[in-house]
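K.L.:
First the structure, which I've put down as structure tokens, then a few questions once you've had a look.
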Amino acid sequence: MRAVTNPEPRWLAVVAMLAVGLLFGALPAYLSVGPRWLLLAVIAVLLVPTIASHRAGHHDLSKKLGFVASGILTVAMVWLIALLVQAIPKHEIDAKVLLRSAVALWVTNILVFALWYWRLDAGGPHEREKRKGHDEGAFLFPQMGPGGGADPNWSPHFVDYLFLAFNTSAALSPADTAALSRWAKILMMTQATVSLTVIVLLAARAVGIL
């Protein structure tokens, strides 16, 4: 282990969490529990102590608060899936609203799982920062393999996990990054299942009734 000399910027993860709140806020009122701004407000409130504890060096507390925030986003996403799937056979949602909701849910799926990959891989961002380079973890990035051509001090940042999550939702499979651990495989299968549900059940249904 080594002291953190070049910490990873956290602002992309913060933007991702706020973006999920904004996406939920853009959904129709009947697809949300309580005010549409509620999720964004909850995440914004949680981010204050999360960022403050990280800056103060209380990384365990910051990590726990981050898990709580990601958990809330995940529950909100699952709840939205349930509401949308339940509403499909009842023809309660206008086709255009359904398409817009499906797109919002698909993007949310990418952001939520990118946050989980980022938080869990190799102990999370703070633990990765204390290592010289990144030669082990739950994912095998191209830079980690023979001929990767990366700096020996290379370590994945949030955008790398975002790219992984995007490929999993778009191609329903990993592209250039393989999953090595069982938890990573389970999360990727879950993400692909959510994406498939959105594409097949929601978007296809909306197109069919336009």
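K.L.:
Do you know which of the residues in the range 25-43 that are in a loop (DSSP other than H, G, I, E, B) and either surrounded by fewer than 16 Cβ atoms within 10 Å (Cβ to Cβ) or touching a His at 6+ places or on another chain (Cβ under 6 Å) (or both) is modelled with the highest pLDDT? Talk me through it step by step, then tell me what you get.
P.N.:
So in the range 25-43, the residues in a loop (DSSP other than H, G, I, E, B) come out as 26-28, 32-37.
From what is left, the residues that are either surrounded by fewer than 16 Cβ atoms within 10 Å (Cβ to Cβ) or touching a His at 6+ places or on another chain (Cβ under 6 Å) (or both) are 26, 28, 33-35, 37.
Details: Ala26: 85, Pro28: 80, Val33: 69, Gly34: 75, Pro35: 84, Trp37: 89.
Here the answer is Trp37.
K.L.:
Counting only residues that are assigned to a helix (DSSP H, G or I) and either at pLDDT below 80 or open to solvent by less than 50 Å² (accessible area, probe 1.4 Å) (or both), how many does the range 142-167 have?
P.N.:
Going through the range 142-167, the residues assigned to a helix (DSSP H, G or I) turn out to be 142-144, 158-167.
Narrowing the set further to residues that are either at pLDDT below 80 or open to solvent by less than 50 Å² (accessible area, probe 1.4 Å) (or both) leaves 144, 158, 160-161, 164-165, 167.
Total meeting the criteria: 7.
K.L.:
Could you count how many residues in the range 168-193 are over 22 Å from Asp135 (Cβ atoms) and open to solvent by 20 Å² or more (accessible area, probe 1.4 Å)?
P.N.:
Within the range 168-193, the subset over 22 Å from Asp135 (Cβ atoms) is 168-173, 186, 189-193.
Adding the requirement that they be open to solvent by 20 Å² or more (accessible area, probe 1.4 Å) leaves 170-173, 186, 189-190, 193.
Number of matching residues: 8.
K.L.:
Answer yes if at least one residue in the range 118-128 is part of a helix (DSSP H, G or I), among the acidic types (Asp, Glu) and buried (at least 21 other Cβ atoms within 10 Å of the Cβ), and no otherwise.
P.N.:
Keep residues of the range 118-128 that are part of a helix (DSSP H, G or I), which gives 118-123, 125-128.
Filter again for among the acidic types (Asp, Glu), leaving 121, 127.
From the residues that got through so far, the ones that are buried (at least 21 other Cβ atoms within 10 Å of the Cβ) too are 121.
Yes, the range 118-128 has at least one match.
K.L.:
Of the residues Leu22, Leu46, which single one is assigned to a helix (DSSP H, G or I), free of Cβ contacts under 8 Å to residues at least 24 places away in the same chain and surrounded by 13 or more Cβ atoms within 10 Å (Cβ to Cβ)? Talk me through it step by step, then tell me what you get.
P.N.:
Details: Leu46 fails: free of Cβ contacts under 8 Å to residues at least 24 places away in the same chain.
Just a single option satisfies the conditions, and that option is Leu22.
K.L.:
Name the pairs whose Cβ atoms lie under 7 Å apart, with the first residue in the range 123-152 and closer than 17 Å to Pro174 by Cα, the second small (Gly, Ala, Ser) and modelled with pLDDT under 80, and 6 or more positions between them or separate chains?
P.N.:
Matching pairs, first to second residue: Pro142/Gly148; Gln143/Ala150.
K.L.:
So Phe139 clears everything in (1) under 13 Å from the mean Cα position of the chain (by Cα); (2) surrounded by 19 or more Cβ atoms within 10 Å (Cβ to Cβ) except one condition, right? Which one?
P.N.:
Among (1) under 13 Å from the mean Cα position of the chain (by Cα); (2) surrounded by 19 or more Cβ atoms within 10 Å (Cβ to Cβ), the lone unmet condition for Phe139 is (1).
K.L.:
Something else about it: Which residues, taken from the range 98-112, are of a type in the set (Val, Ile, Thr) and buried (at least 17 other Cβ atoms within 10 Å of the Cβ)? Please lay out each step first, then the result.
P.N.:
Keep residues of the range 98-112 that are of a type in the set (Val, Ile, Thr), which gives 103, 107-108, 110, 112.
The answer is Thr108, Ile110, Val112.
K.L.:
Considering Val78, Val68, Val85, which residue is aliphatic (A, V, I, L, M) and touching a residue at least 60 places away in the same chain (Cβ under 8 Å)? Step through it out loud before you land on a result.
P.N.:
On the way: Val78 fails: touching a residue at least 60 places away in the same chain (Cβ under 8 Å); Val68 fails: touching a residue at least 60 places away in the same chain (Cβ under 8 Å).
Testing whether each residue is aliphatic (A, V, I, L, M) and touching a residue at least 60 places away in the same chain (Cβ under 8 Å) leaves just Val85.
The values are calculated or read from the model by the stated rules, or taken from the named source; none is laboratory data. Since we're looking at a predicted model, the values are computed, not measured. Methodologically, a virtual Cβ is constructed for each residue, glycine included, from the backbone with ideal geometry; neighbour enumeration extends over all protein chains shown. Surface accessibility is based on the protein's heavy atoms, side chains included, excluding ligands, DNA and RNA. Shrake-Rupley method; radii C 1.70, N 1.55, O 1.52, S 1.80 Å.
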